[in-house]
1. Starting from the Cα-Cα distance between Arg170 and His191, subtract it from 0.36 nm times their residue separation and give me the gain in nm to one decimal.
2. At 20 angstrom or more along the helix axis (alpha-carbon based) and mean Kyte-Doolittle of 0.5 or higher, what helices does the chain contain? Whole DSSP H runs only.
3. What whole-number value in cubic angstrom gives the convex hull volume per residue for the C-alpha atoms of the chain?
4. For every helix of n ≥ 4 consecutive DSSP H residues, a contribution of -39,500 (n - 2.57) applies; sum these over the chain, divide by its total residues, and give [θ] at 222 nm rounded to the nearest 500 deg cm²/dmol.
5. Please state the relative contact order of the range 4-133 as a whole percent: Cα pairs under 8 Å, 6+ residues apart?
6. Take the cross-link list Lys130/Lys185; Lys126/Lys243; Lys180/Lys208; Lys130/Lys243; Lys130/Lys180 and give me the ones stretching past 22 Å between alpha-carbons.
7. Specify the inter-centroid distance of the range 16-74 and the range 177-254, based on alpha-carbon positions, in whole Å.
8. Looking only at the chain, where both bridge partners belong to it, what percent of the DSSP beta bridges are antiparallel (to the nearest 5)?
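The values are calculated or read from the model by the stated rules, or taken from the named source; none is laboratory data. Since this is a predicted model, take the numbers as computed values, not measurements. SASA here: full protein model, heavy atoms, side chains in, ligands and nucleic acids out. Shrake-Rupley method; radii C 1.70, N 1.55, O 1.52, S 1.80 Å.
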Amino acid sequence: MVERLVPDELWELFQRVVPEAPVRPQGGGRRRHGDRQVLAAIVFVATSGCTWQQLPSASFGPSGATAHRRFAEWSKARVWAKLHRLVLDELGSRGGLDWSRCAIDSVNMRALKGELTGPNPVDRGKYGSKIHLITERTGLPLSVGISGANLHDSQALEPLVRGIPPIRSRRGPRRRRPAKLHGDKGYDYNHLRRWLRKRGIRHRIARKGIESSQRLGRHRWTIERSMAWLAGCRRLHRRYERKALHFLAFTSIACTLICYRRLTK
């Protein structure tokens, strides 16, 4: 089970970003569970959607409480964002990223009360959160963020574009700016178009009252498929984490798994 959820190549990348285990100066104490077993338990919780208490410790070794404690430690150390960037670097060095067109969009989900939640205007005011995503041409996530469900999509464009990390290329320097950015009518604002032009990014944003809302466009459908890929991480079907840091961590884990599957092909 552990080797299936955490293959050797993923484990090698994870070892480069995981912080060292704390050492007790007085010695003694219980033996610490291995990081690979704990990582497999976290991936199982993310993909299956089970609670920490329902984690089958007989299959992994660590209990649900131990896995959750280690998950909180690694989330605070930004391990998941670093792992996502490492996988993107491996894809970029092999020529697996297409920067010619990128797309931006968001998806809503129900949430309990917690950080970065708000009334959802399209769900009768029920509390929820929103995942914002930028993908490259083939649908691999480059930048991800979360917000309350009442945040307008246009307010997330600039932070998401700035959040694209410098990623390795097969030849030449690292790259972090796409050639074009596709978006729906939620991003149809002149100040966003001007901001993208200043950064040297051409925009392809649907215009209100001109283009049909029934069509996704020839290139923007890829991000809708990426949202469906995110749904494969069942922990994201509904937000249960009260801390925004933990919810963002599960989102980063889902993006990492999507990119890693492409890496292994």
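1. So the chain would gain 4.2 nm between Arg170 and His191.
2. Working: long enough: 79-93 (21 Å, 0.31); 244-264 (30 Å, 1.13).
Helices meeting the criterion: 244-264.
3. Per residue, the Cα convex hull of the chain comes to 147 Å³.
4. Numbers: 10 runs with 104 residues, N = 265.
Mean residue ellipticity at 222 nm (helix-derived): -11500 deg cm²/dmol.
5. Values: 100 pairs, mean separation 23.3, N = 130.
Taking the mean separation of contacting Cα pairs over the length of the range 4-133, I get 18 percent.
6. Lys130/Lys180
7. Cα centroid of the range 16-74 versus Cα centroid of the range 177-254: 33 Å apart.
8. 70 percent
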